[in-house]
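This report concerns only the one structure given below.
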Amino acid sequence: DQQVKQNSPSLSVQEGRISILNCDYTNSMFDYFLWYKKYPAEGPTFLISISSIKDKNEDGRFTVFLNKSAKHLSLHIVPSQPGDSAVYFCAASASAGANNLFFGTGTRLTVIP
Amino acid sequence: GAGVSQSPSNKVTEKGKDVELRCDPISGHTALYWYRQSLGQGLEFLIYFQGNSAPDKSGLPSDRFSAERTGGSVSTLTIQRTQQEDSAVYLCASSPNRGTLANEQFFGPGTRLTVL
């Protein structure tokens with residue numbers, strides 16, 4: 001049973017435009033959320049996180065929005081750059097220090113120059 | 001600087017054979033995790049080590065799967081009598097301390113296992 005869902009397997013965006021990647025979760029105990037980025041033949045690397053006490057966290061071109069009532073979060077990348085082309089995984093845990101991360105299936109972002 | 005390394009990068013085996021996957025964590029990292037990603041699935045947690053002990057092995061899918069860690073460093077994941085459904089990318093991650101923020105898990109490149 002997939003507790004973290006990324007319903008869009010792929011997304012293509014023109015360079016300079018905004019990329020919006022979506023993620024839904026089912027477990028109301030999750031209170032810490034992360035986005036990872038993965039290039040081919042490499043492991044996922046941490047990108048940005050958000051605690052459930054916030055509804056927005058921003059880091060440069062990357063912003064994560066959390067809607068707890070809808071159990072939905074999204075990652076916005078603006079402006080999108082060709083180097084952002086990768087697979088993006090959403091992950092959740094029951095606390096910031098939890099050992100067990102629950103991952104979504106990933107969304108492949110392609111930024112077209 | 002050395003990150004998390006895993007070997008082999010690719011492994012093709014026949015159904016019924018045993019396989020060993022290796023993970024070398026970042027030096028000094030006390031926590032180590034194994035995940036796997038099957039086709040079309042998210043990363044699935046398998047087991048967590050703190051030092052050489054495994055306080056959470058809840059994600060191991062069957063008793064054919066086992067893992068050990070020695071010297072607080074290298075870990076091996078062993079799959080006995082492999083089945084086709086074991087085909088996946090097996091990822092290892094390490095983090096500096098017990099209870100470290102989840103965002104400080106550093107992942108290796110993974111081992112792609114194919115069971116024919």
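The values are calculated or read from the model by the stated rules, or taken from the named source; none is laboratory data. Computed from a predicted model, the values in this text were never measured in an experiment. Note that we place each Cβ from the backbone using ideal geometry, even for glycine, and neighbour counts take in every protein chain shown. Ligands, DNA and RNA are excluded from the accessible area calculation, which covers all protein heavy atoms including side chains. Shrake-Rupley method; radii C 1.70, N 1.55, O 1.52, S 1.80 Å.
Descriptive notes on the structure:
- Meets criteria (in contact (Cβ under 8 Å) with a residue 40 or more places away in the chain and assigned to a strand (DSSP E or B)) for A:L66: no
- Residues in the stretch A:96-110 include at least one that is under 13 Å from the mean Cα position of the chain (by Cα), closer than 28 Å to B:R36 by Cβ and among the basic types (K, R).
- The stretch B:74-87, residues that are at negative phi and open to solvent by 10 Å² or more (accessible area, probe 1.4 Å): B:V74, B:T76, B:T78, B:Q80, B:Q83, B:Q84, B:E85, B:S87
- Hits in the stretch A:1-18 - residues which are exposed (fewer than 14 other Cβ atoms within 10 Å of the Cβ) and within 10 Å of A:G104 (Cα to Cα): A:N7
- B:L60 within 13 Å of another protein chain (Cβ to nearest Cβ), assigned to a strand (DSSP E or B) and closer than 27 Å to A:S95 by Cα: no
- Taken over the stretch A:69-105, the criterion of being closer than 22 Å to B:E104 by Cβ, open to solvent by 10 Å² or more (accessible area, probe 1.4 Å) and in contact (Cβ under 8 Å) with a residue 24 or more places away in the chain is satisfied by A:V87, A:A94, A:S95, A:A96, A:A98, A:F102.
- Which numbered condition A:L21 misses (of (1) open to solvent by 20 Å² or more (accessible area, probe 1.4 Å); (2) over 26 Å from B:G59 (Cα atoms)): (1)
- Any chance A:L101 is among the hydrophobic types (A, V, I, L, M, F, W, C) and either under 17 Å from A:R17 (Cα atoms) or more than 14 Å from chain B (Cβ to nearest Cβ) (or both): no
- Annotation note: of B:G28, B:G16, B:G71, B:G3, the sole residue that is more than 11 Å from the chain's Cα centre (by Cα) and surrounded by 14 or more Cβ atoms within 10 Å (Cβ to Cβ) is B:G3.
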